[in-house]
Amino acid sequence: MAVRARDDEISRAAQDVEDGVERASEAAAVERLRQAVGRGNGGVAGLDSVLEALVARRVDTVLVSEGYEAPGWRCPSCAWVGTMGRRCPLCGEDMDQVADVVEEAVEDALAQACRVRICRDNADLDVLGRVGALLRF
Ligand SMILES: [Zn+2]
């Protein structure tokens, strides 16, 4: 019993360290984003800009605030995603309304083998519009 308790304590302590490391690396990624957006080169912030960058396949890493959701649209014909409907700006088809376009963006990002980081309690990312992307080019 005592041994198990100690194991639990150790694994809890290890988890705390892991969380701390994860938090610090999130903060570093958000700082890179903030600087890239400030330079106007290498990063975009805000949902519309991130969706645009995903459609253009320019995204390296998506940073999104935990719990961020927004309604939007997806084109059934060319897979465009955006916040404004209903006509697809790319191919002119009628788009389908989606409950959470942020989730669609994360799925697209993963399908494109981008890194996705869900950031908790990061005020800098919230100020940037709760979502941003570091770009490949
Ligand atoms: Zn389309």
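Every number in this text was worked out from the coordinates using simple rules, so none of it is lab data. Just so it is clear, the model here is predicted, and its values are computed rather than measured. Reconstructed Cβ throughout: ideal geometry from the backbone, glycine too, with neighbour counts over all protein chains shown.
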- Item | Leading residue by the ranking (nearest to the ligand (Cβ to nearest atom)) among those in region 38-65 that are exposed (fewer than 13 other Cβ atoms within 10 Å of the Cβ) and not basic (Lys, Arg) | Ala56
- Task: Filter the strands (runs of 3 or more DSSP E) completely within region 1-103 down to those with at least 2 residues that are farther than 18 Å from Ala123 by Cβ and not basic (Lys, Arg).
- Result: 59-65, 72-74, 96-98
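Quick grid of which residues meet (1) within 16 Å of the ligand (Cβ to nearest atom); (2) closer than 11 Å to Leu51 by Cβ:
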{"residue": "Trp73", "(1), (2)": "yes, yes"}
{"residue": "Cys88", "(1), (2)": "yes, no"}
{"residue": "Met95", "(1), (2)": "yes, no"}
{"residue": "Val102", "(1), (2)": "no, yes"}
